[in-house]
Amino acid sequence: MPRPRIPRCIRFKPNVYYFKPRGIPLRLLKEVELTVDELEALRLADYQKLHQIKAAKSMKISQSTFQRILTLARKKVSNALVTGKAIKIHGGKFRLMKRICLILLAIFLFLPSQALAQEEILEGKVVNILEEKQQEGQSYQKIEILVTKGSLKDEKIVVESGYLPTVSQPDYKVNDWVLINYTQDAEGNELFYITDFIRRDSLLLLFFLFVITVTFIGQWRGISSLFGLLISFLVIFKFILPQINAAWDPILTAIIGSLAIIPLTFYLSHGFNQKTTIAIGGTLIALIITGFLAKFFVELARLSGYASEEAAFLQVAKQGNFNIKGLLLAGIIIGALGVLDDITVSQAAIVQQLKETNPKISPQDLFARAMKVGHDHIASMVNTLVLVYTGAALPLLLLFINNPLPFGQVINNEIIAEEIIRTLVASIGLISAVPITSLLASKFLKQK
């Protein structure tokens, strides 16, 4: 009978449990499972540079056992790096040192809540550039910042920027407003790192410019449309996103949310009248067509929904509780909803104007005349949609300009195929809204 393995003692518990190669869908990756005690061996030997004797003593195991664990851990990590596999930190027979557990318990019981924070985001203003030079091909700066928000408010701190290699290192100037990550190391030394610029003021300025433009040109109808926009955001952030986050079916959630958004926003933006009611009917029918097309072609093209990094990380974070493919379909439905408003209301308004100009016109002639205008609407809309989706995916498309693979293989990539299906399905749904709304309006729109 083999001797039972004694649990290894660790003094570190990881807060990140998954690593994967960037740009490769999670479903296509093989995993290397690194146990927690193997990670502890790597931490002691390679990160803290402890001698094997001290490291083995720290884990309360023999030197030979520690060497075996360390060798296996290094082999797993090198295997993942060389062959492009994901690393999952999971399992192993270990125990967290009781002394550490008691210390942590004492901290949580007796220290104030402010002392528990491992890191804090400060806000500040650059007041002086103390040093500036080129270092290893990128800009290095030593910056003096006046903290304006956070626990260090009204204090001046010095932050180094550019000492780590990054893809794009910004140059900071005096009077720039920035976000600073503030934390402390094991010895209590303060560590600062500029994470981003503060953009709230520019966003608020643009928002107020948008509100003024809508109000000034749209007048009361513009103001009511802003209330409709607010309702859309409320439905999305208070219903659709929370329910999807609670593992509801994304497609059903998007449909229910759309059924709430459509009538409320349409009537607020365009008034309670026949034109708006007919536009709502045309929008619902076109949205159903879009949903069916999206589901059919997503299944036909075997899209998984894992083309984006966000989807893969979301699935890992939620332990498989998300229907990623359903999330893709829900995104197509919600995305099409916004453009359908413009098309259906415009087409219903065209029919209404034609009817008022010639009250005796037959429904057949009314439909034919509305479709003549609708053809121009479709022609301009197709080009607009393609350009909108191309603009959104421009960085992605640039990656494939000099790709040595044939065009047929490039578009076969799931991340490209997903955008193509999203664009074409939405376009077909929007185009179909023109004859549908024109037909409903010519049949049911009555003269005032």
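Looking at Ala247, is it farther than 30 Å from Ile121 by Cα, touching a residue at least 12 places away in the same chain (Cβ under 8 Å) and surrounded by fewer than 13 Cβ atoms within 10 Å (Cβ to Cβ)? Working first, answer last.
On the way: farther than 30 Å from Ile121 by Cα: yes; touching a residue at least 12 places away in the same chain (Cβ under 8 Å): yes; surrounded by fewer than 13 Cβ atoms within 10 Å (Cβ to Cβ): yes.
It is true that Ala247 is farther than 30 Å from Ile121 by Cα, touching a residue at least 12 places away in the same chain (Cβ under 8 Å) and surrounded by fewer than 13 Cβ atoms within 10 Å (Cβ to Cβ).
Residues that are surrounded by 13 or more Cβ atoms within 10 Å (Cβ to Cβ), in contact with a helix residue (DSSP H, G or I) (Cβ under 8 Å, 6 or more places away or on another chain), assigned by TED's automatic domain parsing to the domain that holds Ala330 and modelled with pLDDT under 85 occur in the range 199-220; there is at least one.
Output yes when any residue across the range 171-180 is of a type in the set (D, E, K, R), modelled with pLDDT under 85 and surrounded by 13 or more Cβ atoms within 10 Å (Cβ to Cβ), and no when none is. No, the range 171-180 has no match at all. For the condition modelled with pLDDT under 80 and surrounded by 16 or more Cβ atoms within 10 Å (Cβ to Cβ), Gly188 does not qualify. Could we say that Leu340 is surrounded by fewer than 22 Cβ atoms within 10 Å (Cβ to Cβ) and modelled with pLDDT of 80 or more here? When the stated conditions are applied, Leu340 does not pass them. Considered as a group, the residues in the range 57-91 that are farther than 15 Å from Thr35 by Cα and of a type in the set (A, V, I, L, M) include one that is modelled with the highest pLDDT, and that residue is Leu81.
Determine which single condition Glu155 fails, assuming it passes every other condition in (1) at pLDDT 90 or above; (2) under 22 Å from Asp201 (Cβ atoms). Among (1) at pLDDT 90 or above; (2) under 22 Å from Asp201 (Cβ atoms), Glu155 violates only (2). Selection of the range 123-151 for residues being free of Cβ contacts under 8 Å to residues at least 60 places away in the same chain and among the acidic types (Asp, Glu) yields Glu131, Glu132, Glu136, Glu144. Go through the residues of the range 279-297 one by one and say whether even a single one is in contact with a Lys or Arg (Cβ under 8 Å, 6 or more places away or on another chain) and more than 15 Å from Leu328 (Cβ to Cβ). No, there is no match, as no residue in the range 279-297 is in contact with a Lys or Arg (Cβ under 8 Å, 6 or more places away or on another chain) and more than 15 Å from Leu328 (Cβ to Cβ). All told, Ile100 meets the bar of being under 22 Å from Gln184 (Cβ atoms), of a type outside the set (S, T, N, Q) and either assigned to a strand (DSSP E or B) or at pLDDT below 65 (or both). In the set (1) modelled with pLDDT of 85 or more; (2) not in a helix (DSSP H, G or I); (3) not aliphatic (A, V, I, L, M), Trp248 fails one condition alone, (1).
The values are calculated or read from the model by the stated rules, or taken from the named source; none is laboratory data. Since the structure is predicted, the reported quantities are computational estimates derived from the model, not experimental observations. Positions of Cβ are backbone-derived with ideal geometry, glycine not excepted, and every protein chain shown enters the neighbour counts.
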